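Written out below as C-alpha cells is the structure these notes cover.
The values are calculated or read from the model by the stated rules, or taken from the named source; none is laboratory data. No experiment lies behind these values; they were computed from the predicted model shown. Glycine also receives a Cβ, built like all others from the backbone with ideal geometry; neighbour counts cover every protein chain displayed. In case anyone asks, the SASA skips ligands and DNA or RNA and just uses the protein heavy atoms, side chains included. Shrake-Rupley method; radii C 1.70, N 1.55, O 1.52, S 1.80 Å.
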Amino acid sequence: MLKLTFTFLLLLSHTIFSQILSKKQEIAIRNTIAAQFGDAHAQSYMLHLGAANFQYLDGDTLFNPHGFHYVFRLKADTLERLDHSLFHGSDNHRFLFTYNHNLYALGGYGHFTTNNNLKYFNLRLKEWCFVKTKGDVPPFILGPAYKQGNYVYSFNNFKSGNNVEPDSLDANDYRLDLKTMCWQRVITNMEHHTFFPKPQFIYTQDYVVLLKDLKTMVISPQLNKFMLISNEDYGIGIVSKLKFIDRNKCAFNRFNEIRSSNVVLDFDNIWKANSNKAKDIVWKHEEPSITSTFFTTICIIIVLIGAIIAGAFVYLNRKKQNVSNIIEVVEEPEELILQPIQAKVESHTDHKELKRIAQLFIDLNVSEINWDEMDKILNISHLEGDSRKLRRHRILKDFPKGMITRNKAEIDKRRFMYLINRSILENFYNTKL
C-alpha cells in the first residue's frame with residue numbers, strides 16, 4: 001500500500017510540476033506528427049521547450065508543440081488529443097500563454113510569412129480561432145514576450161527576409177490589454193533590451209531568457225524585474241545548443257561542442273545569486289513627441305500654402321496678367337516649398353537607432369574599424385553603392401564632431417579606416433542617450 005501511494009505521488013508530482021514528457025507521451029506525440037508530416041520531421045522535432053510548449057490551465061497540463069496546432073492534455077504518463085486540426089505550420093516560435101480559461105498563441109512565423117495574429121483554442125470546436133485586436137497593432141510579431149496580469153508585452157520583434165532581403169527589425173515595444181484586446185505602443189526602462197536584436201529567447205516556467213553573445217537578460221514577470229548576467233560566468237552563448245527545459249532549469253551544450261559536457265542552468269539559483277542586480281520593470285504609454293507633432297503641423301501648413309499659391313498661379317495664368325506679376329507671385333512660394341524638402345534631407349537618425357549603434361561601438365572595445373565593419377554596424381550592408389554612402393554619411397553626422405574620423409589605411413592608401421574616439425563615444429552615450 002505504501003509503495004502504491006509513493007508511486008501515485010511520484011506520478012502526480014511529475015504531472016503537476018515537470019515540464020518533461022514521459023517516454024510514452026513523447027512516443028505518442030511523435031507518432032501523431034509522423035502520421036501527417038513523416039517520421040524524419042517527427043524525430044528531429046524538439047519537444048521539451050518549457051513554457052513554449054507546456055501550459056497549465058484550470059488544473060490541466062496542456063501541451064502544444066510550436067508550429068503545430070496539436071493540443072494535448074497530459075495526465076500521469078498518458079495523454080489525450082483535444083484538437084481536430086488539419087492545418088499546421090503557420091506559427092513557429094509563437095508566444096503561448098493562458099488567460100481567462102483559454103489557451104492563446106500570439107504571432108510566429110510560417111509559410112514565408114511573419115504574422116501578427118492572436119488565436120485561442122476553442123475547446124468546443126476543437127479548433128484554433130482568431131481573436132480581433134485593435135489599436136497600434138504590431139506589423140509583425142516574432143520575438144520575446146511575456147504576460148503579466150491582464151497585459152502581454154511584446155518587444156524586439158523582427159520580420160524574416162526569407163534569405164532574399166535583410167530581416168526587418170521593429171524598434172518599438174507593445175502592450176496588449178487582454179480585457180479590451182487593444183494594443184498600445186509603450187516604452188520601458190529596460191535600457192539594454194533593444195541591444196538584443198534577434199536573440200535566442202527561451203521560456204522557462206517563471207522566466208523569459210534572452211541570450212546574446214556576451215550577455216543574457218533574465219526577466220521575471222511574476223516579480224516584474226529583470227537582470228543582466230555575463231555569459232562568460234556561466235559558459236553559454238548564442239551558439240550554445242539548447243538540450244531541454246524543465247521548469248526553471250535549462251541544459252545546453254557548452255559553446256555548441258557536442259562532445260563536451262552539458263551545462264545546466266538553474267535560473268532560480270541564478271536569480272537568487274544575482275538578486276542585487278535585479279531592477280524593477282516600468283512600462284509607460286508612449287506619447288507622441290512634441291517635435292514630431294510640430295513637424296507634422298508645419299508640413300501641413302506648408303502644403304496648404306503651396307496649394308493656395310499653386311491655385312493663385314493657375315488663376316493668374318488664365319487671366320493672362322502681366323508676366324512680371326506672375327513671377328513675383330511664384331518666386332516666394334518656391335522658397336517655401338524648398339523648406340520641407342531641405343528639412344527632410346537633414347532629418348536626424350532615430351534616437352533608438354543611435355543608441356543601438358553607440359552600444360555596438362562600445363561593445364567592440366576597439367578604436368579602429370574598416371568600412372565593411374562600419375556598414376555592418378550601421379545595418380546598411382544590403383544597400384548598393386551611392387545609397388550606402390549617402391546613408392552612412394547621414395547616420396555618422398548625427399554623432400558628436402570628432403567621435404568618428406576617417407583616415408586612409410596605412411597599408412592600402414586606396415582604402416579608408418574609421419577611428420573611434422572612445423572618450424567622446426562614452427561621454428555621448430552616458431550624457432546624451
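Looking only at segment 222-232, count every residue that is modelled with pLDDT of 90 or more and open to solvent by 20 Å² or more (accessible area, probe 1.4 Å) and tell me the total.
6
Step by step: first the residues of segment 95-124, then only those that are farther than 18 Å from F54 by Cα, in contact (Cβ under 8 Å) with a residue 12 or more places away in the chain and assigned to a loop (DSSP other than H, G, I, E, B), then the one that is least open to solvent (accessible area, probe 1.4 Å). Which residue is that?
The selected residue is H111.
Among the residues of segment 239-251, how many are part of a loop (DSSP other than H, G, I, E, B), open to solvent by less than 80 Å² (accessible area, probe 1.4 Å) and in contact with a Ser or Thr (Cβ under 7 Å, 6 or more places away or on another chain)? Show your work before the answer.
We begin by selecting, within segment 239-251, every residue part of a loop (DSSP other than H, G, I, E, B); these are 239-241, 247-248.
Then drop every residue that is not open to solvent by less than 80 Å² (accessible area, probe 1.4 Å), which leaves 240, 248.
Keeping just the survivors that are in contact with a Ser or Thr (Cβ under 7 Å, 6 or more places away or on another chain) gives 248.
The total comes to 1.
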